[in-house]
Amino acid sequence: MNKAAFYDLDGTLLSCNLVQMQGYYARNHRSILKSAYQFSKVVLSVPLFFGLDLYSRATFNRFSFRAYRGMHRDRLIGLADDLFEVTLKPAIFRQAEALINTTKDLGYRNVLVTGTLDFQVRPIALHFGIDEVICNRLEFRNHIATGRVLSPLLAELQKERSIREYAAEQNIDLAESCAFSDSSADLPMLSAVGHPVATNPTRRLRRVAVERHWPILELRENTSNFPPFLSVAKVH
Amino acid sequence: MKSRTTWRWNPVRGEYESGDPPSLRGTAEISAIDAFSNKTMLLLGGTGFVGKVLLAMVLDRFPELKHLIVQVRRKKNMSGEQRFYSEVLQSPPLRGIVDQIGETVMRNKVQVVEGDLDQPLCGIPAEQLEQLKGKVDIVVNLAGVVDFDPPVNESVEPNVYGTRHIIELVKLLDARLVHVSTAYVAGKKNGRISEETPIEGYFPRRGEKSENPGERFSVDEELNWYEQFVKETRESRATNPRPVRERLREGGMQRADFWGWTNTYTYTKSMGEQLISATPDLTYAIIRPAIVESSLRFPFPGWNEGFTTSAPLVLMGGEGVKGWPVRKDGPLEIIPVDLVAAGILIVTAAVLCGKNKRVYHLASADENPIMLPRLVAFLGMNSRYKHKHKKSGNRLANIWKAYVETQVISVQSLQSRRARLHRGLDVIHAALTLGKTLFGPTRMGRYLKSLRDTRRQIRAQEITLDKFLPFMFHNSFIFETRNIRQAAGMLTDDDLKRVQWDPETIDWADYWVNIHTKGIEKWIRPGFTGPKK
């Protein structure tokens, strides 16, 4: 049986959010006028995003991906490098890379499980050397984004379902696996594995973690305080 | 990056499709595994870009092969064997494979022979030839000079006379031949290029309006012309002030152009093919890859070391060149190197089983074309990425390079742009020279120097671009790849797990941005200080 380490992305390994990424693409249209128009649209819809996020993550995702409607896939992929360099790379938490390397050395198969879109995850996955990604993808017609997301939309409960499917397919023992996430929205995913770790947890997740005796990890700090199941194994 | 959903990208339709990829199925008419078991392969030109990947692939995928004999040319004070073990096996694509299969297994399986294509029988020593006689089943030839416009003798010697030596060798060894040429032997043509066009006597202008009645192409006559031309050029050294090399270069290009070829390289390569097809009782297959680019998957994504690939263009795009003269409706015929290696192995298997065709194109546009304007847009995005955060250099220039998008332009507008640019530089030069007389050379010297550098750089870029014009603007090819598809379709399912021909699955956007461009930055850029002189 294999074992895997499932990572959430936003807030867990780096701090960024979907709106930031959208703002980036809106700013970088081919024409300057269109950039200005699209960017102001994103800025104006920020309050709406906040409201939607409170209401439901899935609706929020669905709504926010509509901003990509009409964009050519080449451009989405071609600018992802720049997006990574500007917005994402500086936002990577200090200990993130060390953690990923540790789980890799210990024989875990690293898997990113994130609601972010495939082309945005790609440079991140390359940077961390993660081979496998479970993520969202946009629908395209003749290379142009329609603004819809392909089902299943990866959010909330779907993450747990996806890693169970993945585990079954890849012969992975979930009880031996670990998962890292920052948000209580990922509680189902964290509960599905043997070694859940609350990573830079939100207040709600912290409370749950303390209740259930889950290790809590802060990747923002300078020194590593990896949970015992990682460091103990390392000694052997 | 593997993604774990049931969706996969269909690059032709431009949509994600649901469901798993269709499992590869062959008709099992031939078996590559059986074809290679207990066979001996002689590989010529295994030290090049494609050669190394092929070497790695055959060692990795077909352990059944009994012996692999690799011909390596000696270099000054390094024997072929030393060169093979220290240079070739230590190169990035092979290192991992050698570690995997182990040095001893490697030494048992691989034999190195020294040799040189310029010599009869490829310069393989007589005693080694005796050993090899009757033992070699197949000769795979990847050797040749790939420079587009070298002095004509530097191209004819290896590509025509070299091929003749190879034919002699193959005949002597009583083996079969797989010869790697180039798809661009088609010359200045447009549209779909068939694999069935007769090889012997071919010249691109044949059958076109510009053909003179009664005109025919024969390699022997060409070689007579060539000997005569080289002799005359050398003899006139005293009377003609221009360097002989320069004149040989020009002569080759003019001759190629006369028959309708794009450059000396394709002209000499075509002659090599014609020699092979004219040889009686020779079992052969000619493989014609298009522009060979970074690897897609094997030995790792992004491996590249070729300079006659699109690397100079990608690097130029990164430097911030904005106007690209390309056809709006034309594809760029590129093919990843690992697909070429797989294609060669598939064809080799077909030849060993006696079920081969004569010519195999290895190209992508027939099934999954990548259009040139899309590539131009990628070059622009790469330049944006590189110059936006650049701290060094002129700030204004960086802003220009980052935020101005690349454009598809016509050759006319390219010419007028160039003329304008050079006029502008002339004016600056005049001003600086005036300044120099007024204020003295100490204050103006560095400006003049930087102007000189800029000019040299621009000139080099222009030369590179001109070299690629036949492939991007003047001609638009789609090479038909029916034969290789048919050959891959004959294999067994087990074979197809080891080698496959699947350019239709390449996601070009991801390939170009995340594999090819990154590969070039990693492997080519470090050895590339300023444009090639």
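Annotations
- Burial ordering of B:295, B:91, B:410, fewest other beta-carbon atoms within 10 Å first: B:410, B:91, B:295
- Dividing the convex hull volume of the alpha carbon atoms of region B:201-310 by its residue count gives 178 Å³ per residue.
- Qualifying lysines (Cα of each under 18 Å from Cα of residue B:449; at least 8 residues distant if same chain): B:436, B:533
- Evaluating 6.51 cos²θ - 1.76 cosθ + 1.60 at θ = phi - 60° for every residue in region A:68-80, the Karplus couplings come out as 7, 4, x, 8, 7, 4, 4, 6, 4, 6, x, 8, 4 Hz, glycine and proline recorded as x.
- Neighbours of residue B:325, meaning other residues whose beta-carbon lies under 13 angstrom from its beta-carbon, give a summed charge of +4 when Lys and Arg score +1 and Asp and Glu score -1.
- Expected 222 nm ellipticity per residue - DSSP helices of 4 or more, -39500 (n - 2.57), all of chain A, to 500: -13500 deg cm²/dmol
- Averaged over A:134-146, number of beta-carbon atoms from partner chains that fall within 10 Å: 3
- Residues with amide H under 5 Å from that of residue B:177, placed H, sequence gap 5 or more: B:139, B:283, B:284, B:285
- Note on the protein assembly as shown: Cα convex hull, mean projected area over all directions, 40.1 nm².
- Computed Rg/Rh of region A:3-235, alpha carbon atoms with Kirkwood Rh: 0.97
- Zero-based 5 Å bins, Cα pair distances in region B:1-99, whole percents: 2, 10, 15, 15, 12, 11, 13, 10, 7, 3, 2, 0
- Dipole magnitude of chain B, debye to nearest 20 (Cβ charges: Lys/Arg +1, Asp/Glu -1, about Cα centre): 3060 debye
- Amide H within-cut-off set for residue B:288, under 5 Å, with H built and near neighbours excluded: B:181, B:360, B:361, B:362
- Cα long-axis angle, helix A:46-55 against chain A (0 to 90 degrees, to the nearest 10): 40 degrees
- Charge dipole (region A:3-235, unit charges on Cβ, about Cα centre) - positive-most of A:201, A:86, A:29: A:29
- Relative to the Cα centre, the charge distribution of the protein assembly as shown, modelled as +1 at Lys and Arg Cβ and -1 at Asp and Glu Cβ, gives a dipole magnitude of about 3440 debye.
- Segment residue B:231..residue B:389, full-extension length gain: 51.3 nm, with 0.36 nm per residue of separation and the alpha-carbon distance subtracted.
- Cα→Cβ-extended label distance, 7 Å offset, between residue B:482 and residue B:75, nm: 4.4 nm
- Cross-link pairs B:269/B:357; A:104/B:497; B:357/B:522 - those with Cα-Cα distance over 31 Å: B:357/B:522
- Using a Förster distance of 25 Å, the FRET efficiency for residue A:173-residue A:203 (Cβ separation, nearest 0.05): 0.20
- Förster radius 56 Å - calculated FRET efficiency between residue B:279 and residue A:131 (Cβ-Cβ, nearest 0.05): 0.70
- Flagged links, alpha-carbon separation over 20 Å, of A:41/B:401; B:135/B:171; B:52/B:75: A:41/B:401
- When you count the other C-beta atoms within 10 angstrom of each residue and take the mean per peptide, B:442-454, B:249-261 line up highest first as B:249-261, B:442-454.
- Counting, for every residue in A:75-85, the Cβ atoms of other protein chains within 10 Å of its Cβ and taking the mean gives 6.
- 3J(HN,Hα) along region B:83-93, derived from phi through the Karplus expression 6.51 cos²θ - 1.76 cosθ + 1.60 where θ = phi - 60°, amounts to 4, 5, 6, 8, 8, 6, 5, 8, 6, x, x Hz, with x in place of Gly and Pro.
- Between residue B:34 and residue B:420, the FRET efficiency estimated from the beta carbon spacing at R0 = 56 angstrom works out to 0.30.
- DSSP beta bridges in region A:3-235 [antiparallel fraction, %, rounded to 5]: 20 percent
- Global dimensions of region B:271-315 from alpha-carbon coordinates: Rg and Dmax equal 15.8, 46 Å.
- Note on chain B: helix-only mean residue ellipticity at 222 nm, from DSSP H runs of 4+ residues weighted -39500 (n - 2.57) and normalised by residue number, equals -13500 deg cm²/dmol.
- Gaussian network model of chain A, springs between alpha carbon atoms under 10 Å - residue of A:50, A:128, A:39 with greatest fluctuation: A:50
- Taken along the Cα-to-beta-carbon direction at a fixed 7 Å, the label points for residue A:27 and residue B:192 span 4.8 nm.
- Here's the list of aspartates and glutamates a cross-link from residue B:467 could span, going by alpha-carbon distance under 13 Å and ignoring same-chain residues fewer than 8 apart: B:147, B:149.
- Rg/Rg_ref, chain B, where Rg_ref = 2.2 N^0.38 Å and atoms are Cα: 1.03
- In order through region B:338-343: 3J(HN,Hα) via Karplus (6.51 cos²θ - 1.76 cosθ + 1.60), integer Hz, x for Gly, Pro: 6, 5, 5, 4, 4, x
Where a number appears in this text, it was derived from the coordinates with a stated rule and is not lab data. What you are looking at is a predicted structure, and each value in this text was computed from that prediction instead of being measured. Positions of Cβ are backbone-derived with ideal geometry, glycine not excepted, and every protein chain shown enters the neighbour counts.
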